[in-house]
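Below is one structure, written out as structure tokens; comments come after it.
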Amino acid sequence: MSKLHRRRKINSVFVTGRNAVLELLLSSKTDSNIRNRIKALYIGNKTSGDKIKEIINLARSIGIKRYVVWKKTIEKLSGDERSQQVMLELEKEKFFIDDLIKRIKSQRTGLIVVVKDVDYESNLGSVIRTCEAGGVDALVYNGNIGITSVVRRVSMGASERLMILEHNVYQSLKVFRELGCNIIGVEVCGLVPYYRSNIIDGWNVLLFGGEDTSLTGEIKYCDQVVNIPMVGKVGSLNLNAAVAIILFDILRRKT
């Protein structure tokens with residue numbers, strides 16, 4: 001890998017996929033943070049189509065640099081073999097627990113989603129997309145993967161519009177308790193159905209188990225533990241499905 005490629009990998013993040021790239025370009029027209037972070041658009045030298053034309057025209061209207069490169073260049077920079085030969089390069093943005101603490105202290109109300117364990121890129125990307133669509137202020141997760149280009153593509157670019165922290169769940173919950181947040185655990189052992197959960201006029205935290213793990217010691221930090229009623233024989237839901245059910249019920253109650 002060239003020195004240029006190494007330098008870009010250190011200082012940049014890459015979003016691939018035609019829909020994800022288009023979504024971010026559209027967002028950049030009204031979101032100055034996204035616009036200021038976008039460095040360049042990369043297009044594969046053998047790709048074409050109406051959506052590619054739309055992406056190129058939109059990037060040109062915004063004033064974003066465009067490079068036509070080999071497909072392998074996009075794959076090498078992004079690490080995504082399903083890039084669809086289109087990629088946005090953005091300045092890296094990383095959040096820490098102190099950033100979230102400042103937001104909680106400065107903002108009267110808010111919503112945080114905490115996920116115990118995430119090990120699959122597609123699941124994390126889907127959860128990020130759902131959280132951003134559901135008006136979540138921050139996502140905190142613990143797992144064995146970072147925010148990769150695959151995660152960004154699956155999230156449809158929502159990864160660049162949401163505060164995301166990879167942080168120890170126990171430490172995070174302890175901080176949220178000290179700050180007076182209302183913590184709601186979602187688990188099959190919950191005694192109350194999710195639609196009767198107590199949502200306060202302040203900061204609420206939704207705590208979910210992982211893809212293959214339930215909530216155990218984390219429950220002691222919860223103000224309430226709720227369940228998602230099911231009538232079939234399947235014992236649990238996909239992580240993203242569970243997150244979506246709870247989030248959009250809260251959104252329904254607010255509107």
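The values are calculated or read from the model by the stated rules, or taken from the named source; none is laboratory data. Every value quoted in this text rests on a predicted model; they were computed, and no experiment measured them. All Cβ positions, even for glycine, are placed from backbone atoms using ideal geometry, and neighbour counts span all protein chains on display.
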**OP:** Take the residues in the stretch 64-75 that are hydrophobic (A, V, I, L, M, F, W, C) and surrounded by fewer than 21 Cβ atoms within 10 Å (Cβ to Cβ), then tell me which one is nearest to Leu25 (Cα to Cα).
**Re:** Ile64
Original post:
Can you tell me which of Ile199, Ile219, Ile183, Ile245 is among the hydrophobic types (A, V, I, L, M, F, W, C), surrounded by 13 or more Cβ atoms within 10 Å (Cβ to Cβ) and in contact with a Leu (Cβ under 7 Å, 6 or more places away or on another chain)?
Top reply: Ile183
Subject >> Enumeration of residues in the stretch 39-55 that are touching a Leu at 6+ places or on another chain (Cβ under 8 Å) and of a type in the set (D, E, K, R) >> reply: Lys39, Lys51, Glu54
Original post:
Restricting to the stretch 139-150, what's the tally of residues that are assigned to a helix (DSSP H, G or I) and either surrounded by fewer than 23 Cβ atoms within 10 Å (Cβ to Cβ) or modelled with pLDDT of 95 or more (or both)?
Top reply: 1
Subject >> Selection count, the stretch 69-97, where residues are outside any helix (DSSP H, G or I) and free of Cβ contacts under 8 Å to residues at least 60 places away in the same chain >> reply: 5
**OP:** Confirm whether Leu100 is of a type in the set (A, V, I, L, M), surrounded by 17 or more Cβ atoms within 10 Å (Cβ to Cβ), outside any strand (DSSP E or B) and over 20 Å from the mean Cα position of the chain (by Cα).
**Re:** no
**OP:** Scan the stretch 151-178 for residues that are surrounded by fewer than 14 Cβ atoms within 10 Å (Cβ to Cβ) and in a loop (DSSP other than H, G, I, E, B) and jot them down.
**Re:** Asn168
Original post:
In the stretch 48-63, how many residues are loosely packed, with under 11 Cβ neighbours inside 10 Å and among the charged types (D, E, K, R)?
Top reply: 2
**OP:** May I ask you to verify whether Ser78 is hydroxyl-bearing (Ser, Thr, Tyr) and buried (at least 16 other Cβ atoms within 10 Å of the Cβ)?
**Re:** yes
Original post:
Looking at Arg60, Arg108, Arg66, Arg35, which one is free of Cβ contacts under 8 Å to residues at least 12 places away in the same chain and over 23 Å from Gly146 (Cβ atoms)?
Top reply: Arg60
Subject >> Residue among Ser27, Ser12, Ser32 that is in the same structural domain as Lys76 (by TED's automatic domain parsing), touching a Gly at 6+ places or on another chain (Cβ under 9 Å) and of a type in the set (Ser, Thr, Tyr) >> reply: Ser27
Original post:
Among Glu91, Glu75, which is the only one that is closer than 16 Å to Glu160 by Cβ, touching a Ser or Thr at 6+ places or on another chain (Cβ under 9 Å) and charged (D, E, K, R)?
Top reply: Glu91
**OP:** Mind telling me which of the residues Val113, Val127, Val136 ends up being out of contact with any Gly (no Cβ under 8 Å at 6 or more places or on another chain) and in a loop (DSSP other than H, G, I, E, B)?
**Re:** Val136
